[in-house]
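Shown next, in C-alpha cells, is the structure this report addresses.
The values are calculated or read from the model by the stated rules, or taken from the named source; none is laboratory data. Being a predicted model, the structure only gives us computed values, none of them experimental. Note that each Cβ is placed from the backbone with ideal geometry, even for glycine, and that neighbours are counted across all protein chains shown. The accessibility values were calculated without ligands, DNA or RNA, using every heavy atom of the protein model including side chains. Shrake-Rupley method; radii C 1.70, N 1.55, O 1.52, S 1.80 Å.
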Amino acid sequence: MYCILSAVSRSTLESNISTIESKSTDSYKPSATSACSFPSTEESLPSAYNYQIKRTQIEFTMEAIQNNSKHYTGIPKESFHVIDILAEATGISVRDMFIIFRKLRLNEAYWHLAIQFQLSTSSIGRIINENIALLADAMDGFIVWPEVEEVQINLPSTFKHRFGAVNTIIDCFEIQIERPTNAVHQALSYSMYKKCNTIKYLIACLPDGLINYISKGAGGRISDKEIVRESGFLDKLFENTMVMADRGFKSIELDIREKKCSLVRPPSTTVSKKMSREEVLLNKRIASLRIHVERAIGRLRDFQLLKPHATVESRIINKLDYYVCIACGICNIQPNLINE
C-alpha cells in the first residue's frame with residue numbers, strides 16, 4: 001500500500017479514543033442548575049434519570065461502532081487506528097466522524113442518527129455540514145497517484161507479460177439522485193444509460209486495485225469522453241505509459257496519444273463483422289485485467305449512499321463529492337484487492 005499509516009499501540013489507541021470520546025460527549029453534560037448526580041428530591045429525579053439514559057445510549061452506540069467498525073463505517077478493525085489519526089489531524093471529534101461514516105455506510109436518515117446519538121435532527125445536519133469537507137480533505141490523502149517506478153514494483157504478475165506498461169485502469173460509475181425541480185438541472189443530470197437522473201464519476205485504479213483518482217461529480221448526461229477531458233485526469237498521466245479502459249472509451253484515444261501514452265481496450269465489434277480468434281483472445285485478456293476497476297467500484301457500492309439506485313436526497317447532492325472521496329479513502333485502507 002502506498003499510504004504508510006503510522007503505527008499506534010493498542011493501549012495508546014484506547015487511551016486516546018476514550019479521551020476524544022469524553023470530549024465529544026461534553027455537550028451532553030447538564031447545566032450548572034441541573035442535577036449532576038442522583039438527586040435527593042423526587043421532583044428532580046426524571047431529568048437526572050433521562051440524562052443517564054442518554055449517556056447510556058451514547059456509550060452503547062459508540063461501543064457498537066468500535067466493536068463492529070467494518071459494518072458501521074467501512075473501516076476494518078485492523079485499520080481502526082486511522083480514526084484516532086484523523087481526529088488528531090482534523091480536530092473533528094470521534095462522535096462527529098462516526099455520524100458522517102454511518103450516514104455514508106448505512107445511509108441512515110437524520111432522525112435515526114439523532115436517536116442513536118441522542119441529538120436533534122438539526123444538530124445532525126449541522127455536524128455533517130460543518131465537518132464533511134474537512135474530513136474529505138483528510139481522506140483525500142489516502143488517494144495517491146504514485147510514480148511509475150512504484151507502480152512497477154507492485155505490478156501483479158498477470159500484467160507483466162503483455163501489459164507491463166499499464167499505469168492505471170479507468171471506468172465510470174453513476175449514482176441515482178432525486179429528480180431536480182429545475183428543468184435545466186433535470187436535463188443535465190438525466191442519464192440515457194440509467195434512464196434516470198444521476199451524478200457520474202470517473203474513477204481510476206492502479207493494476208493492484210488501489211484507487212488513485214476520483215473525479216468531481218458531473219451530470220449523468222455527460223459522455224465518457226467529456227468527463228475524461230474536463231476532469232483533469234489527462235494531466236495526471238506519465239509519458240510512455242498505458243491506460244486500460246473498456247471499449248466505450250474509444251473516443252479518448254487521440255487525447256491519450258497527445259499525452260504520449262497509449263490506450264489499451266478491447267477490440268471494437270460490429271454486427272456485420274465476426275471477431276477473429278486473436279481478437280477474441282485479446283478481448284478476454286483485457287477483460288480479465290480490467291475487472292480490477294470493477295471490483296474497486298464494487299467496494300464503493302458497499303456504501304449504501306453510493307448504491308446505483310440510492311436516490312440521493314436533494315439536500316445532500318452538493319455534498320456527494322465529499323462522500324465519494326471519503327469512501328475512496330476508506331477503500332484504500334481496506335485489505336488489498338489482489339494478494340500475490
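Considering every residue within segment 101-119, establish whether at least one is on the phi > 0 side of the Ramachandran plot and not hydrophobic (A, V, I, L, M, F, W, C). Among the residues of segment 101-119, at least one is on the phi > 0 side of the Ramachandran plot and not hydrophobic (A, V, I, L, M, F, W, C), which makes the answer yes.
When you look at Glu78, is it assigned to a helix (DSSP H, G or I), open to solvent by 40 Å² or more (accessible area, probe 1.4 Å), closer than 30 Å to Leu234 by Cα and not basic (Lys, Arg), yes or no? Before you say what the answer is, go through the steps one by one.
Details: assigned to a helix (DSSP H, G or I): yes; open to solvent by 40 Å² or more (accessible area, probe 1.4 Å): yes; closer than 30 Å to Leu234 by Cα: no; not basic (Lys, Arg): yes.
Answer is no for this residue.
Search segment 258-271 for residues being under 29 Å from the mean Cα position of the chain (by Cα) and either farther than 18 Å from Leu202 by Cα or charged (D, E, K, R) (or both), and hand back the single one that is most open to solvent (accessible area, probe 1.4 Å). Selected residue: Lys259.
Is it fair to say Asn197 is touching a Ser or Thr at 6+ places or on another chain (Cβ under 7 Å), surrounded by 15 or more Cβ atoms within 10 Å (Cβ to Cβ) and either without any contact (Cβ under 8 Å) to a residue 24 or more places away in the chain or part of a loop (DSSP other than H, G, I, E, B) (or both)? Criteria met by Asn197.
Yes/no matrix, rows are residues, columns are (1) of a type in the set (S, T, N, Q); (2) in contact with a strand residue (DSSP E or B) (Cβ under 6 Å, 6 or more places away or on another chain); (3) without any contact (Cβ under 8 Å) to a residue 24 or more places away in the chain; (4) open to solvent by 40 Å² or more (accessible area, probe 1.4 Å):
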{"residue": "Ile227", "(1), (2), (3), (4)": "no, yes, no, no"}
{"residue": "Ile256", "(1), (2), (3), (4)": "no, yes, yes, no"}
{"residue": "Lys273", "(1), (2), (3), (4)": "no, no, yes, yes"}
{"residue": "His309", "(1), (2), (3), (4)": "no, yes, no, yes"}
{"residue": "Lys319", "(1), (2), (3), (4)": "no, no, no, no"}
{"residue": "Asn332", "(1), (2), (3), (4)": "yes, yes, no, no"}
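Only one entry in Lys77, Lys54, Lys70 is over 26 Å from the mean Cα position of the chain (by Cα), within 29 Å of Leu305 (Cα to Cα) and modelled with pLDDT of 75 or more, namely Lys54.
Just give me the residues in segment 280-320 being hydroxyl-bearing (Ser, Thr, Tyr) and closer than 20 Å to Met242 by Cα, in sequence order.
Of segment 280-320, the ones hydroxyl-bearing (Ser, Thr, Tyr) are 288, 311, 314.
Residue satisfying the conditions is Ser288 alone.
Could you tell me whether any residue of segment 98-114 is without any contact (Cβ under 8 Å) to a residue 12 or more places away in the chain, farther than 25 Å from Arg299 by Cα and of a type outside the set (Phe, Trp, Tyr)? Yes, there is a match, as at least one residue in segment 98-114 is without any contact (Cβ under 8 Å) to a residue 12 or more places away in the chain, farther than 25 Å from Arg299 by Cα and of a type outside the set (Phe, Trp, Tyr).
Are any residues in segment 235-254 part of a helix (DSSP H, G or I), farther than 17 Å from Lys200 by Cβ and in contact (Cβ under 8 Å) with a residue 24 or more places away in the chain, and if so, which ones?
Once the filter is applied, which keeps residues that are part of a helix (DSSP H, G or I), farther than 17 Å from Lys200 by Cβ and in contact (Cβ under 8 Å) with a residue 24 or more places away in the chain, segment 235-254 yields only Lys236.
For segment 288-305, filtered to residues that are open to solvent by less than 70 Å² (accessible area, probe 1.4 Å) and basic (Lys, Arg), the residue that is nearest to Phe159 (Cα to Cα) is Arg290.
Table: residues versus (1) touching an Asp or Glu at 6+ places or on another chain (Cβ under 6 Å); (2) surrounded by 21 or more Cβ atoms within 10 Å (Cβ to Cβ).
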residue	(1), (2)
Leu188	no, no
Ala204	no, yes
Pro207	no, yes
Gly217	yes, yes
Lys236	no, no
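Look at Ile115 and say whether it is among the β-branched types (Val, Ile, Thr) and either open to solvent by less than 40 Å² (accessible area, probe 1.4 Å) or in contact with an Asp or Glu (Cβ under 9 Å, 6 or more places away or on another chain) (or both). It is false that Ile115 is among the β-branched types (Val, Ile, Thr) and either open to solvent by less than 40 Å² (accessible area, probe 1.4 Å) or in contact with an Asp or Glu (Cβ under 9 Å, 6 or more places away or on another chain) (or both).
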